[in-house]
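The values are calculated or read from the model by the stated rules, or taken from the named source; none is laboratory data. Predicted model, so just to flag it, every value in this text is computed and none were measured. Cβ placement follows ideal geometry from the backbone for every residue including glycine, while neighbour counts extend to all protein chains displayed. What goes into the accessible areas is simple: the full protein's heavy atoms, side chains included, and nothing from ligands, DNA or RNA. Shrake-Rupley method; radii C 1.70, N 1.55, O 1.52, S 1.80 Å.
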Amino acid sequence: MATTNASAPKGAPKQSKGFTGIKSGFAVIIVCAVIAVCLYLFGAGYLGNFKGADNDPAMFSVLSDNTYEPAGILGTVYKGGFVVPIIWTLFVTVVALAIERFFAIRNAYGRSSLTKFVADIKVALKQNDLVKAQQLCDKQRGSVANVVGATLRKYKEMEENNTLTKEQKVLSIQKELEEATALEMPMMQENLPIIGTIVTLGTLMGLFGTVLGMIKSFSAMGAGEGGADSSALSVGISEALVNTASGIATGALAVITYNYYTNKIDRLTFSLDEVGFTIVETFSATH
């Protein structure tokens, strides 16, 4: 997906941003929900995961009129109840958005090492070689290169301007840097709020499933004259434990993913600030 900056000045090269991410996070959640439900019904719910279901004509538990005891971990997971596919939807959503953010932020960093790019730009500015600096931006691409390139064009424009004072020129360069950064930042932060929400929501859904399972367990303990219904008791405990594990796993993956990409964006922002400060200081020192 390629986009161009419509506000770029005439004569400026078009900026190819490449893959900038999926704009509709809601669509991703819907697709992940369908995947999670299918995995739950036709994966964990396959009758081969239950005891005594060999002669049942139905292939999946959802299509069978009988109730069977789980024969393994997948059957136990299926007994976790309707909360399981909800938690799985959140889990798959985190995985999908983590992959989406990986490619989007990698594209924002550019083609080569961001540290080397910043160092090369600073050397070119120290030598007052704006042509070389612009060539580095065109070669690097990505969000940082787009911002630096836009600021360098404003730098050159201010050099040719004979009407503004030096202070006004510096402010104009700073404004261009801020505006270019503001255009790039939303793309880098796209869908991260969804992951941040799942950090809490995944854990809460796991707790919700645990409570439902414990309610079933205590209900089974009080059923019948001879004591607890062992089958219903095991189902309730299974539901509680499965949902607890699923909720913890989802919350853990979400918080790791969110913190990782937030740190990547912070590093990129720091690089932008570093280069921007160098450009402004160079102009102030040489004009």
Subset of segment 111-136 that is over 22 Å from residue 269 (Cβ atoms) and not in a helix (DSSP H, G or I) - its residue that is most open to solvent (accessible area, probe 1.4 Å): 127
Segment 162-179, residues that are at pLDDT 90 or above and hydroxyl-bearing (Ser, Thr, Tyr): 172
Single unsatisfied condition, residue 161 versus (1) of a type outside the set (A, V, I, L, M, F, W, C); (2) open to solvent by less than 50 Å² (accessible area, probe 1.4 Å); (3) in a helix (DSSP H, G or I): (3)
Test: residue in segment 137-155 that is open to solvent by 90 Å² or more (accessible area, probe 1.4 Å) and not in a helix (DSSP H, G or I): yes
Residue within segment 221-241 that is crowded, with 19+ Cβ neighbours inside 10 Å, within 28 Å of residue 104 (Cβ to Cβ) and in contact (Cβ under 8 Å) with a residue 40 or more places away in the chain present: no
Conditions (1) in a helix (DSSP H, G or I); (2) in contact (Cβ under 8 Å) with a residue 60 or more places away in the chain; (3) under 27 Å from residue 212 (Cβ atoms): number failed by residue 81: (1)
Breaking point among (1) open to solvent by 50 Å² or more (accessible area, probe 1.4 Å); (2) in a helix (DSSP H, G or I); (3) closer than 29 Å to residue 267 by Cα; (4) not aromatic (Phe, Trp, Tyr), for residue 188: (1)
Identity of the residue in segment 250-277, among the small types (Gly, Ala, Ser) and crowded, with 16+ Cβ neighbours inside 10 Å, that ends up farthest from residue 120 (Cα to Cα): 251
Subset of segment 62-78 that is in contact with a Ser or Thr (Cβ under 9 Å, 6 or more places away or on another chain) and touching a residue at least 12 places away in the same chain (Cβ under 8 Å) - its residue that is nearest to residue 250 (Cα to Cα): 77
Residue, farthest from the chain's Cα centre (by Cα), within segment 93-109, restricted to residues that are farther than 11 Å from residue 21 by Cα and surrounded by 21 or more Cβ atoms within 10 Å (Cβ to Cβ): 109
Residue 196 closer than 28 Å to residue 87 by Cα, part of a helix (DSSP H, G or I), at pLDDT below 90 and of a type outside the set (A, V, I, L, M, F, W, C): no
